[in-house]
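Before any comments, here is the structure.
Quick note: the coordinates plus some simple rules give every number you see, no bench work behind them. Bear in mind that the values here come from a model prediction, so they are computed numbers and not experimental data. Here Cβ is always computed from backbone atoms with ideal geometry, including for glycine, and neighbour counts include all displayed protein chains.
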Amino acid sequence: MVTNFLEASNLMLRQFVCSSFFQTSRYMVISVYNEGRNTSGGNMGILVQREFTVTGDHRQEFERQSRLGTWVKMRHNGAQMIGFGGWAFGGRGDVVVTHSTYADFDHWTATRPWGAFTTDPERTEETRHASAIFAGRPRLIDHSRTKIIEYDNELSEPTPFYRNSGDELASLPLTYGPQSILAECRYRLRSGSEAEFRELSAETLWPWLRAHDARMVLYGKDLLAATDEVVELTAYRSISEWHQLLTPTGDTEQVSARRQSLIADRQTRLLMVQTDFGEKV
C-alpha cells in the first residue's frame, strides 16, 4: 500500500513538473515573440482585401456570423475589419468583400490558425463565444481570392496593433452604415510624380473631401500590382454624395486639375456597405 502511495505521488510530481515546464516554455515563446514588436504600429500597415463567393441565400448568415463572431475575434487580436459589402459598380456582382487591417505581416501571421496567438489560453478563452458563432462560416464560402495593400499609417484611418490578452480591444472602425459607399480608386501615375500626387492629395483634396463629410480611409499600394500604382479608399454617406463630390469646386478645382495631370490611368470600384458593424459617424 505504501509502495502504491509512493508511486502515485511520484507520478503526480512528474505531471506537475512537466505541466509547469510546458506552461513556462509556452509563455517564454510568447514573450520572445512580442519582445521588440512595435505594438503601436510602424509607418505602414497591411490591408487584406478578400472577395468571397457566397450564394445569395447564404449572404445574410455570412454577414451575421462575421459581425458577431469573426470581426469580434479580430478585435481581440488587435486587427480591424474596416469595410464589408458588395460591389455596386466596377466589380464582380457575385461576391461579398471584406477589408481587414493588420499592423504588419507578422501581425497577420500571428492571427492565422497556425500563428502565435493560437497558443495563448487567455486569448482562446476571451474569444470562445465569438469563435463558436462563426464555426460554420467556412461552409458558406464557395471560393475566395485576396489582394494585399500596404498602406500609409499617417494618411489612413485604421489603427491595428499587436494586442496582448487582457488589453483593450482594437477600436471599432468608423462607418457611415449600410448603403454607404467605399470607393476604391487605383491610379497608375506618370513616372516620378508620386511625391507631388501625395502632397496635393494630403494638403488640398482630402481636406476638401472631409469638409464635405466624406472620409479618406486609406492610402497605399497594392503589393501584387505594378509599382507605379497607388490605391485610395474613400468613404461617402451615399452613392449620390459620391457623385456630387466627383468634381472639386472653388480653390480646390485648380489643384485637382493638376493632380489629374499626374495620372496616366485610373480604375474605380464602388463598394456598397452591407453591415452596421462599426462606430456610426
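Side notes on the structure shown:
- Under 5 Å from the amide H of residue 278 lies no amide H of any residue 5 or more positions distant or on a separate chain, with H modelled from the backbone and absent for Pro and chain starts.
- For residue 144, the residues whose modelled amide H falls within less than 5 Å of its own, excluding neighbours fewer than 5 places apart on the same chain, are 53.
- When Cα extents along the principal axes in Å is calculated for this entry, the matching label among (i) 95, 44, 32; (ii) 58, 45, 37; (iii) 53, 53, 50 is (i).
- Label point at residue 224 placed 7 Å out along Cα→Cβ; residues across region 45-59 whose backbone nitrogen lies under 14 Å: 47-53
- Shown is the FRET efficiency for residue 146 and residue 254, computed with R0 = 41 Å from the Cβ-Cβ distance and rounded to the nearest 0.05: 0.55.
- Placed amide H near residue 266: partners under 5 Å, 5+ positions off or other chain: 188
- Relative to the longest principal axis of the Cα atoms of the chain, the long axis of helix 252-261 makes an angle of roughly 80 degrees.
- Whole-Hz ³J(HN,Hα) from phi, Karplus 6.51 cos²θ - 1.76 cosθ + 1.60, for region 157-171, glycine and proline x: 6, x, 9, x, 7, 6, 9, 8, 4, x, 6, 4, 5, 4, 5
- Whole-Hz ³J(HN,Hα) from phi, Karplus 6.51 cos²θ - 1.76 cosθ + 1.60, for region 128-142, glycine and proline x: 4, 5, 4, 4, 5, 5, 9, 4, x, 4, x, 6, 8, 9, 7
- Between residue 210 and residue 68, the distance separating the two model label sites (each 7 Å from Cα on the Cα→Cβ line) works out to 3.7 nm.
- For the pair residue 89 and residue 109, the difference between a 0.36 nm per residue extended length and the Cα-Cα distance amounts to 4.0 nm.
- The order of the peptides 220-229, 58-67, 155-164 by mean Cβ neighbours within 10 Å, most packed first, is 155-164, 58-67, 220-229.
- From helices alone, the chain scores -9500 deg cm²/dmol at 222 nm; the rule is -39500 (n - 2.57) for each run of n ≥ 4 DSSP H residues, then divide by the residue total.
- Residues listed by number, region 163-182, amide nitrogen under 15 Å from residue 281 label point at 7 Å toward C-beta: 171-178, 180-182
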